[in-house]
Structure formats: C-alpha cells, structure tokens
Amino acid sequence: MEAARVFFGLAAPLVVSWERKWFTARPGLTVLFTLAYGSYAIAPYIRDPKAWSALATAALLTLGCALLLRSSSTPALGFSITSSLTTGALSTAKRLGVVTIALAVLAGVWTAWETAPAVGDELLRDDTLAVMFSALLIAVFGGGTLVKAASDPVVEEVYALPNGQNRDAAIALIRSGGRSIGLIERGLLFAFLAAGQPDAAALVLAAKALARAPVDHVNHASKYFLIGTLASVIAALIMSVAARAAVGLPVL
C-alpha cells in the first residue's frame, strides 16, 4: 500500500498538469503543484529516504518537461539562464530539460530498485492477468475484424445506391464512425463483462445509442452502426466468457 500511495500520488499531478497543458502555459505552477501534492502523497512516510527520493524524482521530471516543452511564449520559471549554447538544434532550456529528465530517471531507478523487480516478477507470473490481458487484445483487435466482416455488406449496399442526397448522407455518416471508437467500445465492454459487471457494460451501449440517435433517419447508416455494435458486443462477450472460464470464475 505504501508503494501504491506514493506512485499514484506522484503520478497524479503530472497527469493533471499534462492534461491542463501547464507544462507550457504555467511551468511554475506545475512544479509547485507537483511538490505540494507529492508532499501529501509521501506524508505518512517522511522518515523514509526513499519517499523523499520519489518526490525528488517527480519534481525533477516536472521541471525537465517544463524546460523541454518551453517555447518563446512560455512564461519564465522565475529565473533566467544566459549561455552561448542557445544556438544549435537545442536551446539551453531544452538541453537542461533533457539533463533534468535524465536525472529524474536515475533517481527513479534508485528509488524503485528494491521493489520494482519483485512487483515485475509478480506481474509476469500472474496467470490471471496474462489471460485477461490477452483476451482483451483479442476482443479489441480481433473484434475489429469481426465488425468489418459483418458491416462490409452494408457498406457495399450504400455505395450501390443511386447518386443522391440519401447516398451521400449515408456515406458521410459511415465514414464518421471512427475506428478508435470501436476499439474503445470493445475494450470497455470486455473490461466490464470480465469484471462481472454487465450493468456497466449496458451503460456503454446506452451512451453510444444516445450519441448515434441523430442517424436513425438514415436507414443504411443505422443498419451499419447497429451491426457494428452487435458484432462488438459478441466479440467482447465471447472473450470475456472464455477468459473468466479459463481462470476459474463463473462465466457470467
């Protein structure tokens, strides 16, 4: 629990800062936020040098990213550096950013040197994790092959329609489907079904149905999305049932 609290507690401010684009827009705030939240994360373990090393790793990584991503419009960190190295492929700030990130990596390796091998070995030897992850990949990517095979006839029907507004609208809607949406859909469906939460999986389908509601007036597009969704459900359901049975869990 100690390692988990520190790891997630130090990763959280980095992820938040990345999403909010503070590394480029507010580098000073990013460093302060990482230090403040990181201090909260390691608070119960302040007497352990490893905890302070982990905080230093996060702070160095934050500072390095801020320097590396810094542009001419980025606010200063509160100090300036003058050097003749500003010419060339990398500016001084970016060079310092690379060096700082390298230091963060070294500090992180030293911090996790004792625990990481044990955790990694446990994960590598966990048969349940291996089965579930492999089944997830099959459901997500193999399910894509099933979706394509099932929906291709509908696509052929659309392209065979007479030229006109209905054909153009159907083609536009089908092209707007997006492969990434299907990957995420099958991944979520598998995760919820494999976890024994079919109600949550139903929410995924409901959310997609609401998003696709405006296409109901285009018959071929509706058929295309319906077939694709059903094929995704079948792929996720088959693999979740197989994975749960393989690890000794009830199939549903």
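Among residues of region 45-58 that are within 12 Å of Gly9 (Cβ to Cβ) and in contact (Cβ under 8 Å) with a residue 24 or more places away in the chain, those with a Cβ under 6 angstrom from a residue that is in a helix (DSSP H, G or I) and polar (S, T, N, Q), sequence gap 6+ or separate chain, pair up as Ala54/Thr111; Ala58/Thr34. A single member of Ala172, Ala200 is free of Cβ contacts under 8 Å to residues at least 60 places away in the same chain, among the small types (Gly, Ala, Ser) and open to solvent by 50 Å² or more (accessible area, probe 1.4 Å), and it is Ala172.
Within region 215-233, the set of residues being at pLDDT below 90, open to solvent by less than 70 Å² (accessible area, probe 1.4 Å) and of a type outside the set (Gly, Ala, Ser) comprises Val215, Val218, His220, Tyr224, Phe225, Ile227, Thr229.
Considering region 102-121 alone, what residues qualify as being hydrophobic (A, V, I, L, M, F, W, C), at pLDDT 80 or above and surrounded by 18 or more Cβ atoms within 10 Å (Cβ to Cβ)? Break it down stepwise before answering.
So the first thing to find is which residues in region 102-121 are hydrophobic (A, V, I, L, M, F, W, C), and the list is 102-107, 109-110, 112-113, 116, 118-119.
Filter once more, so that each one left must be at pLDDT 80 or above: 102-107, 109-110.
The answer is Ala104, Ala107.
With respect to the conditions (1) aliphatic (A, V, I, L, M); (2) touching a Leu at 6+ places or on another chain (Cβ under 7 Å); (3) open to solvent by 60 Å² or more (accessible area, probe 1.4 Å), Leu193 lacks only one, and its number is (3).
Taking the stated definitions as given, is Arg186 of a type in the set (D, E, K, R) and under 30 Å from Leu252 (Cβ atoms)?
On the way: of a type in the set (D, E, K, R): yes; under 30 Å from Leu252 (Cβ atoms): yes.
For Arg186, the condition - of a type in the set (D, E, K, R) and under 30 Å from Leu252 (Cβ atoms) - is met.
Please determine whether any residue of region 122-134 is touching a residue at least 40 places away in the same chain (Cβ under 8 Å), charged (D, E, K, R) and open to solvent by 40 Å² or more (accessible area, probe 1.4 Å). Checking region 122-134: at least one residue is touching a residue at least 40 places away in the same chain (Cβ under 8 Å), charged (D, E, K, R) and open to solvent by 40 Å² or more (accessible area, probe 1.4 Å). No other residue among Ala66, Ala43 is among the aliphatic types (A, V, I, L, M) and at pLDDT below 90 apart from Ala66.
Listed by position, the helices (runs of 4 or more DSSP H) inside region 147-214 whose residues that are modelled with pLDDT of 90 or more and of a type in the set (Phe, Trp, Tyr) number at least 1 are 179-194.
Condition test on Ala236, is it under 23 Å from Leu252 (Cα atoms), in contact with a Lys or Arg (Cβ under 9 Å, 6 or more places away or on another chain) and at pLDDT 90 or above? Here the answer is yes, as Ala236 does meet what is asked.
Taking the options Ala36, Ala25, Ala41, name whichever one is closer than 16 Å to Gly108 by Cβ, among the aliphatic types (A, V, I, L, M), out of contact with any Cys (no Cβ under 6 Å at 6 or more places or on another chain) and open to solvent by less than 80 Å² (accessible area, probe 1.4 Å).
Being closer than 16 Å to Gly108 by Cβ, among the aliphatic types (A, V, I, L, M), out of contact with any Cys (no Cβ under 6 Å at 6 or more places or on another chain) and open to solvent by less than 80 Å² (accessible area, probe 1.4 Å) holds for just one of Ala36, Ala25, Ala41, which is Ala41.
Taken over region 12-22, the criterion of being open to solvent by 50 Å² or more (accessible area, probe 1.4 Å) and not aromatic (Phe, Trp, Tyr) is satisfied by Val15, Val16, Glu19, Arg20, Lys21.
The values are calculated or read from the model by the stated rules, or taken from the named source; none is laboratory data. All values derive from a computational prediction rather than experimental measurement. Quick reminder, even Gly has a Cβ in these numbers, built from the backbone with ideal geometry, and neighbours come from all protein chains shown. To get the accessible areas, we keep the full protein, side chains included, count just its heavy atoms, and leave off ligands, DNA and RNA. Shrake-Rupley method; radii C 1.70, N 1.55, O 1.52, S 1.80 Å.
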